[in-house]
Amino acid sequence: MVHDIALQLQTIYAELLDRAQAAAFEESFADQGTFVAKSVKGRRYWYLQSVSGGRKQQRYAGPETPELLERIALHREHRDDARERRALVATLVRSAHLPRPAAAAGPVLAALAQAGVFRLRGVLVGTVAYQSYAAMLGVRLPQSTLLTADIDIAQDRAISVAVGDRIESLLDVLRRADPAFQPVPLPRRSLAATSYAAPDVRVEFLTPNRGRNSDAPTPLPALGTHGQQLRFLDFLIRDPEPAVVLHGPGIPVLVPAPQRYALHKLIVAQRRAVASTAKARKDLAQAEALIDVLARRRPHELRDAWDEARSRGRKWREHLAKGLDLIAPEARAAIGMPV
């Protein structure tokens with residue numbers, strides 16, 4: 001019975017995801033033009049090429065996948081089905097009691113998605129991403145109903161440069177959702193900003209730190225902002241997955257693969273200054289919940305992510321071991337892998 005309900009939820013969610021992605025694709029590429037591909041380091045990337053004012057312009061569509069090729073083939077045949085998508089969202093929220101974002105966060109996420117933040121491979125991380133795993137995995141996750149008005153978006157700087165495209169003014173995008181948005185001043189003299197706040201919501205941009213430890217803001221040209229550098233973030237946002245945030249007719253986003261999210265939480269929880277802080281407890285609770293589900297639903301993906309994290313070196317193995325010591329014995333047993 002429980003399995004049947006989970007399967008039904010995942011079927012509804014899969015339909016919503018497909019419809020939301022199709023609608024977003026049509027909206028992003030409503031202009032006249034031709035889709036063209038570029039090959040970079042053995043992989044193909046697609047762009048919509050058009051001419052404006054005698055100048056050739058290209059808009060980034062994404063890396064080549066079977067799904068993207070199908071979207072391109074069916075371009076301009078999609079019909080607007082916002083009403084049907086709203087009904088699917090309502091079913092998942094009201095009947096299945098799956099989580100939706102805080103009221104202040106929903107319109108901001110919608111504005112960011114419409115502007116192309118996720119099309120340009122920005123990745124939604126943090127609690128709002130965790131909420132999306134409930135529908136993705138067909139389960140009710142502990143703490144997923146906790147509401148937060150914090151929106152965290154990560155992007156690799158190399159990707160931000162390589163896509164060769166950018167959104168319009170980020171502040172203009174945010175102010176369409178809430179006119180009160182302002183850049184948050186950094187604690188030192190700098191024209192850069194990594195976060196933006198309105199009275200009821202805050203948006204922060206992050207990027208991996210792969211070199212020396214530094215808190216200097218790093219430019220993310222595709223998003224028209226800077227990102228705060230964080231360790232271990234590259235592991236989290238590698239190979240993100242499409243998801244839908246349950247707001248309005250559904251907001252298509254990119255989120256970390258859930259197995260990467262779980263293991264990343266193990267690492268960052270024990271690295272906080274005081275392991276008993278509320279944030280560390282939340283990190284551990286989310287890691288435990290996902291590990292329990294993934295051990296049953298995605299055991300091979302969980303093992304692959306675990307092996308990759310361990311292969312990154314002695315420090316990574318130490319952090320994983322310390323993280324395991326902080327979670328419940330049942331979750332440690334669910335991992336079932338050597339440290």
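Using the basic label-point model (7 angstrom from Cα toward the beta carbon), what is the residue 51 to residue 238 distance in nanometres?
It is 4.3 nm.
I'd like the antiparallel share, as a percent to the nearest 5, of DSSP beta bridges with both residues in region 166-315.
Within region 166-315, antiparallel bridges account for around 80 percent of the total.
Expressed in nm to one decimal, what extension gain is obtained for the pair residue 318 and residue 14 from 0.36 nm per residue of sequence separation less their Cα-Cα distance?
The residue 318-residue 14 span can extend by a further 105.7 nm.
If I stretch the segment between residue 271 and residue 311 completely, what's the gain in nm (0.36 nm per residue apart, minus their alpha carbon distance), one decimal?
Roughly 12.5 nm would be gained on extension.
Tell me which residues come under 5 Å, amide H to amide H, from residue 241 once H is placed; ignore anything under 5 positions away on its chain.
255, 257
From the alpha carbon gyration tensor of region 82-335, can you work out the equivalent ellipsoid semi-axes (sqrt of 5 times each eigenvalue) and give them in Å, largest to smallest?
28, 24, 16
From the phi of every residue in region 213-223, what ³J(HN,Hα) in whole Hz does the Karplus formula 6.51 cos²θ - 1.76 cosθ + 1.60 yield, where θ is phi - 60° and glycine or proline is x?
Along region 213-223, the couplings run 4, 7, 9, 5, x, 10, x, 10, x, 5, 9 Hz.
Could you line up 46, 316 from fewest to most neighbouring Cβ atoms inside 10 Å?
Neighbour counts put them in this order, fewest first: 316, 46.
Multiply the residue separation of residue 82 and residue 213 by 0.36 nm, subtract the distance between their alpha-carbon atoms, and state the gained length in nm to one decimal.
Taking 0.36 nm per residue and subtracting the Cα distance, the gain is 42.6 nm.
What does DSSP give for the chain in terms of the percent of beta bridges that are antiparallel, rounded to the nearest 5?
The answer is about 80 percent antiparallel.
Under a 5 Å amide H to amide H cut-off, with H placed in plane at 1.01 Å, what residues pair with residue 61 once short-range neighbours are removed?
Under 5 Å from the amide H of residue 61: 46, 47, 48.
Under 15 Å Cα to Cα from residue 56, which aspartates and glutamates show up? Leave out anything in the same chain fewer than 8 places away.
Result set, ordered by chain and number: 31, 165.
Any read-out appearing in this document is the output of simple, stated calculations on the displayed coordinates, not a laboratory observation. This one's a predicted model, so the numbers in the text were calculated from it and none came from an experiment. Note that each Cβ is placed from the backbone with ideal geometry, even for glycine, and that neighbours are counted across all protein chains shown.
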